[in-house]
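Participant: This is the structure, below, for whatever I ask next.
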Amino acid sequence: MKVLVTGGAGYIGSVVAAQLLDAGHSVVIYDNLSKGSTHAVPVGAKLVVGDVGNRDRLRELFDAQEFDAVMHFAAWIEAGESMKEPERFFRNNSANALTLLEVMLEKGVKRFVFSSTAALFGDPERIPIEEDDPLRPTNAYGESKLLVEKMLSWFHRIHGLSYASLRYFNAAGATAERGEAHHPETHLIPLILQVAAGTRQSISIFGTDYNTPDGTCVRDYIHITDLASAHLLALDALAKRDDAAALIYNLGNGRGFSVREVIEAARRVTGHAIPAVENARRPGDPAVLVASSEKIRRELGWKPQYAELEAIIQSAWEWAQRNPNGYEG
Ligand code: UDP
């Protein structure tokens, strides 16, 4: 298939693009490079630099070649930031996704794989979280993605759009070539590893008074390779169906680790002391997010290879040591 990957120069998009190429698909990456890096773009993928909000540019892109599917990763992801400037998230994540979908519909491209998030669930009523559980985001980031899921559902019903929405829990870890390098970095594991590498003094624990066993937030960390393989399965599932599909899957390992447990695991993996400082809660953070991924296992045969947190951190640590400045040399 010929696949357009928006945000394919970013952390998750680039790993998916590499797997698509390995599986024999043809890949065009569309990325404005505001966060991503050309160094993350896999050999064999064509990079087009552009913004998802640029309707004319998208039209040109779709006129120049026929895509069998679009995978949409380009978005802001910082939950904490979204509680300071929600408008940026609604513009970039929701409005721009609508522009992309409108151009796809105009040009007759009907398969869409969407980067969704566990942040849709807010504070869940039960753990592990299943796909049909209530969607009540506690941060604007989650809301910005929920708006897109709602659009997808209507475009499916009205226009026959065939889509898969993959709700990532906490993407982590690295492949040999690609890892997590956000600027500025806001994610727990890469920040912890900066402390281990000596480029940051301490890791800040955001909140120690949550209703969890050790008072810190619990998350479900999933390796980037496993996350990526789910996208290929979803694409195949969309391609096999004659009718329009609406596939929604949670993606996690089904096990939760607290912030303190992640720091402890990183101490074991790296052998560094990793000083931690207790701080106030970060606004908008739910206490516990752990996925049930039974549905994608059952329906698409997804099998994660990295179930262990230490193995996930180990892969991130190896990448961080080989790339101390991320992709910037
Ligand atoms: N966190 C933290 N210190 C940091 C960064 C994150 O304690 O410097 C916590 C954060 O509050 C959340 C968890 O680690 O409970 C995971 O946060 P991250 O930003 O990595 O992912 P999110 O769960 O927001 O997608």
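FYI, it's all coordinate maths here, none of it is from the lab. The model shown is predicted, which means the values in this text are computed figures rather than measured ones. Cβ sites come from the backbone with ideal geometry, for glycine too, and all protein chains shown count toward neighbours.
Participant: Using Cα atoms only, what is the angle between the long axis of helix 224-240 and the major principal axis of the chain, expressed in degrees (0 to 90) to the nearest 10?
Facilitator: 20 degrees
Participant: Mind checking the angle between helix 96-107 and the chain's longest principal axis? C-alpha axes, 0 to 90 degrees, to the nearest 10.
Facilitator: Relative to the chain, helix 96-107 is tipped by roughly 20 degrees.
Participant: Here is a further query. FRET efficiency for Glu102 and Ser153, Cβ-Cβ distance as r, R0 = 22 Å, nearest 0.05?
Facilitator: Working: r = 16 Å, r/R0 = 0.72.
Taking R0 as 22 Å, the efficiency between Glu102 and Ser153 is 0.90.
Participant: Given +1 on the Cβ of Lys and Arg, -1 on the Cβ of Asp and Glu, and no further charges, what dipole in debye does the range 34-86 carry about its Cα centre, rounded to the nearest 20? Let's see the in-between values first.
Facilitator: Numbers: 6 positive and 9 negative charges, 23 e Å.
For the range 34-86, the charge dipole is close to 120 debye.
Participant: Moving to a separate point now. Roughly what would the spin-label model give for Asn279 and Asp236, points 7 Å off Cα along C-beta, in nm?
Facilitator: Taking the simple label geometry, Asn279 and Asp236 are separated by 4.2 nm.
Participant: Which log10 I(q)/I(0) values does the chain give at q = 0.16 Å⁻¹ under the Debye formula, counting every alpha carbon as one identical point scatterer?
Facilitator: Per q value, in the given order, log10 I(q)/I(0) is -1.48.
Participant: Pull up all non-local amide H partners of Ile129: gap of 5 or more, or a different chain, and H-to-H distance under 5 Å with H placed in the peptide plane.
Facilitator: Amide H to amide H, under 5 Å and 5 or more residues apart or across chains, Ile129 pairs with Val290, Ala291, Ser292.
Participant: Determine which residues of the range 1-24 fall in the zone a paramagnetic label at Val43 would reach in this model, i.e. backbone nitrogen under 18 Å from the point 7 Å along Cα→Cβ.
Facilitator: 14-24
Participant: Something else about it: When the chain is modelled as a GNM with alpha-carbon springs shorter than 10 Å, which of Ser162, Ser14, Ser26 fluctuates the most?
Facilitator: Ser26
Participant: To the nearest Å, what is the center-to-center distance of the range 1-75 and the range 230-247, using C-alpha atoms only?
Facilitator: Answer, in whole Å: 19.
Participant: Toward the positive end of the charge dipole of the range 216-305, about the Cα centre and with charges on Cβ (Lys, Arg +1; Asp, Glu -1), which of Ala287, Ile224, Leu247 goes farthest?
Facilitator: Projecting each Cα onto the dipole axis, the largest value belongs to Ala287.
Participant: Also, I was wondering about something else. Averaging over every viewing direction, what projected area does the convex hull of the Cα atoms of the range 127-238 cover, in nm²? Before the final figure, lay out the partial values.
Facilitator: Working: hull surface 39.3 nm².
Result: 9.8 nm².
Participant: Calculate how many DSSP beta bridges within the chain are antiparallel, expressed in % of all such bridges and rounded to the nearest 5.
Facilitator: Values: 2 of 41 bridges.
DSSP beta bridges in the chain are roughly 5 percent antiparallel.
Participant: Continuing with this model, one more query. Hey, what angle do you get for helix 188-197 against the long axis of the chain, alpha-carbon based, 0 to 90 degrees rounded to 10?
Facilitator: So the helix axis and the longest Cα principal axis differ by about 50 degrees.
Participant: Which is the longest stretch in the chain that no exposed loop site breaks, taking sites as GluC sites (Glu not before Pro) with a DSSP loop state and at most 15 other Cβ atoms within 10 Å? Intermediate values should be presented prior to the final figure.
Facilitator: Numbers: sites that count: Glu66, Glu125, Glu130, Glu177, Glu308, Glu328.
Here the longest run is 178-307.
Participant: Using a cut-off of 30 Å between alpha-carbon atoms, which lysines can reach Lys107, once sequence neighbours fewer than 8 places away in the same chain are excluded?
Facilitator: Excluding near neighbours in sequence, the set is Lys2, Lys35, Lys46, Lys145, Lys150, Lys240.
Participant: Using only the Cα atoms of the range 88-167, build the gyration tensor, take square roots of its eigenvalues as a ≥ b ≥ c, and label the shape rounded, prolate or oblate: rounded if a/c is under 1.5, else prolate if a/b is larger than b/c, else oblate. Could you put the intermediate results ahead of the total?
Facilitator: Working: a/c = 2.83, a/b = 1.62, b/c = 1.74.
It comes out oblate by the Cα gyration axes.
Participant: List the trypsin sites (Lys or Arg not before Pro) in the range 14-84 that DSSP assigns to loop (not H, G, I, E or B) and whose Cβ has at most 15 other Cβ atoms within 10 Å. Which are they?
Facilitator: On the way: sites: Lys35, Lys46, Arg55, Arg57, Arg59, Lys84; in loops: Lys35, Lys84.
Here the sparse-neighbourhood loop sites are Lys84.
Participant: Shifting gears a bit: Among Ser26, Thr6, Gly160, whose Cα lies farthest out toward the positive end of the dipole of the chain, if unit charges sit on the beta carbon of Lys, Arg (+1) and Asp, Glu (-1)?
Facilitator: Positive-most Cα among the choices belongs to Ser26.
Participant: For the pair Glu294 and Glu261, how long in nm is the line joining their label points, each one 7 Å along Cα→Cβ?
Facilitator: For the pair Glu294/Glu261, the computed spacing is 2.0 nm.
Participant: In whole Hz and in residue order, list the ³J(HN,Hα) couplings for the range 312-323 that follow from phi through the Karplus curve 6.51 cos²θ - 1.76 cosθ + 1.60, θ = phi - 60°; x for Gly and Pro.
Facilitator: So the Karplus estimates, Gly and Pro as x, are 5, 5, 4, 5, 5, 5, 4, 5, 4, 6, 6, 10 Hz.
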